[in-house]
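Q: I'd like to ask some things about the structure below.
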Amino acid sequence: MPKAEQADVEHVLQQLHDLGLTHLRARKRASLLTVESGPEDDPIAHFRLRRLDARTWGLEFPARGTKWERTPFADVLSELVNTVVSNFGWMVQPLT
């Protein structure tokens, strides 16, 4: 499975910050790119993207505890971020 690259992190952050979602940050691990906020030592997960192949990513949302729920959404990175912001706006709002 292809790995998430630093360029993918930077692309997602730029897209989110251009949309005014500057409270969000992203990190990569293996094929995953996780978007989170809050303190570094106790992050709040908002969503994550799983690289499926060279161009396609899948969307996952946090579930109970440390579990993640896969969704049927898969697309290129920028379109998947647009899907989250447009259709699941509550998942990218600041949490207090």
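Q: With respect to L95, determine if the residue is more than 10 Å from the chain's Cα centre (by Cα), surrounded by 14 or more Cβ atoms within 10 Å (Cβ to Cβ), part of a loop (DSSP other than H, G, I, E, B) and in contact (Cβ under 8 Å) with a residue 12 or more places away in the chain.
A: On the way: more than 10 Å from the chain's Cα centre (by Cα): yes; surrounded by 14 or more Cβ atoms within 10 Å (Cβ to Cβ): no; part of a loop (DSSP other than H, G, I, E, B): yes; in contact (Cβ under 8 Å) with a residue 12 or more places away in the chain: yes.
In short, no.
Q: For K3, which of the numbered conditions (1) modelled with pLDDT under 95; (2) open to solvent by 70 Å² or more (accessible area, probe 1.4 Å); (3) part of a loop (DSSP other than H, G, I, E, B) fails to hold?
A: (1)
Q: Just to check your reading of the model, which residue among R55, R70, R29 is within 20 Å of M1 (Cα to Cα), in contact with a Gly (Cβ under 9 Å, 6 or more places away or on another chain) and open to solvent by 30 Å² or more (accessible area, probe 1.4 Å)?
A: None of the others qualify; the one that does is R70.
Q: Only one residue in E36, E10 is under 9 Å from the mean Cα position of the chain (by Cα), of a type outside the set (S, T, Y) and not in a loop (DSSP other than H, G, I, E, B), so which one is that? Steps first, please.
A: Numbers: E10 fails: under 9 Å from the mean Cα position of the chain (by Cα).
Within the list E36, E10, the selection yields E36.
The values are calculated or read from the model by the stated rules, or taken from the named source; none is laboratory data. Source: prediction; values computed, not measured. No Cβ is skipped: glycine too gets one built from the backbone with ideal geometry, and neighbour counts run over all protein chains shown. Each accessible area value is taken on the protein alone, full model and side chains, heavy atoms only, with ligands, DNA and RNA left out. Shrake-Rupley method; radii C 1.70, N 1.55, O 1.52, S 1.80 Å.
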